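Following: one structure in structure tokens, then a few remarks.
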Amino acid sequence: MHLQRFISVSVLLLYIACTCRNGVHAESPGMTGGQGWSEALPYYNRGNRYMNQGRYEDALHDYQEAVTRCSTDSDFFVNLGTAYEKCADFSNAQKSFEKAIALNKEDWSAYNNLANSLTKQDKLAEAIKAFEEALKRKPPSTDAEAINKDIGDIKKIMEAKGISTTSGSQAPVMSKGAQSKQKPRPVVETKRQPEHHSSAKIPTETPAAIQAPASAPAPAPAAKKTSDWGY
């Protein structure tokens, strides 16, 4: 009887140990929750309010604070990248969107935003690939239409610059003697898809220490990924 009870207790302890080893952490990549996420949330939501007011540097600071506290929420990085773009830091915007994609590979808007940041850096072949990845994830029809137009516009620019639109290489194809007559590369001007900014996450209680000023009313909570940020 004692032996049977000992075996039962041993099996139970072994099961608990295995469950703890194999369990998914609350802040594993692609997931949210836990203390870090709760601490990051007020900064994220205040950053959204700053974005609404056009205070992009303040928003950037708060999004940086959010990802420092929780680096596993893809929305945090989408909004961080959008703030970087608004501050004309397209290289860091690209890195932020790539991080968002690593956390959530099914978010078409992250690929769309990545393509925008690549276009701003004149990385046209890479931008086309990112737009194509966005299309694979079935965006709304109006967004899909705009993305297809952007792809067409970028290809026209590449052709005008003598850049292959099929090989993925951005090395210009110049005719003999063209080097001495080549004009400065034109500025890329495509009708860009607006960035897609993730909306406020609820519920949340913003600590008094980091509340936005009284003159900055908070927008009504909205579902995630329904608010667009355009120029």
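May I ask you to list the residues in the range 83-98 that are of a type in the set (D, E, K, R), closer than 19 Å to ASN48 by Cα and part of a helix (DSSP H, G or I)? Those that are of a type in the set (D, E, K, R), closer than 19 Å to ASN48 by Cα and part of a helix (DSSP H, G or I): GLU85, LYS86.
Taken over the range 105-126, the criterion of being over 9 Å from the mean Cα position of the chain (by Cα), under 20 Å from ASP73 (Cα atoms) and in a loop (DSSP other than H, G, I, E, B) is satisfied by LYS105, GLU106. Among the residues of the range 25-67, the one identified as small (Gly, Ala, Ser), surrounded by fewer than 18 Cβ atoms within 10 Å (Cβ to Cβ) and at pLDDT 95 or above is GLY54.
Results for (1) in contact with an Asp or Glu (Cβ under 9 Å, 6 or more places away or on another chain); (2) modelled with pLDDT under 65; (3) of a type outside the set (Lys, Arg), shown as yes or no for each residue.
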{"residue": "ASN116", "(1), (2), (3)": "yes, no, yes"}
{"residue": "LYS123", "(1), (2), (3)": "no, no, no"}
{"residue": "PHE131", "(1), (2), (3)": "yes, no, yes"}
{"residue": "ALA134", "(1), (2), (3)": "yes, no, yes"}
{"residue": "PRO140", "(1), (2), (3)": "no, no, yes"}
{"residue": "ILE151", "(1), (2), (3)": "yes, no, yes"}
{"residue": "SER164", "(1), (2), (3)": "no, no, yes"}
{"residue": "SER169", "(1), (2), (3)": "no, yes, yes"}
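Among the residues of the range 49-73, write down those that are closer than 17 Å to PHE97 by Cβ and in a helix (DSSP H, G or I). Hits for the range 49-73 are MET51, TYR56, ALA59, LEU60, TYR63, GLN64, ALA66, VAL67.
Checking each residue in the range 86-107 for being surrounded by fewer than 19 Cβ atoms within 10 Å (Cβ to Cβ), under 17 Å from LYS129 (Cβ atoms) and in contact (Cβ under 8 Å) with a residue 60 or more places away in the chain picks out only ALA102. Apart from one condition, THR72 fits all of (1) surrounded by 20 or more Cβ atoms within 10 Å (Cβ to Cβ); (2) over 25 Å from ASP150 (Cβ atoms); (3) out of contact with any Pro (no Cβ under 7 Å at 6 or more places or on another chain); the exception is (3).
The values are calculated or read from the model by the stated rules, or taken from the named source; none is laboratory data. All values derive from a computational prediction rather than experimental measurement. Glycine also receives a Cβ, built like all others from the backbone with ideal geometry; neighbour counts cover every protein chain displayed.
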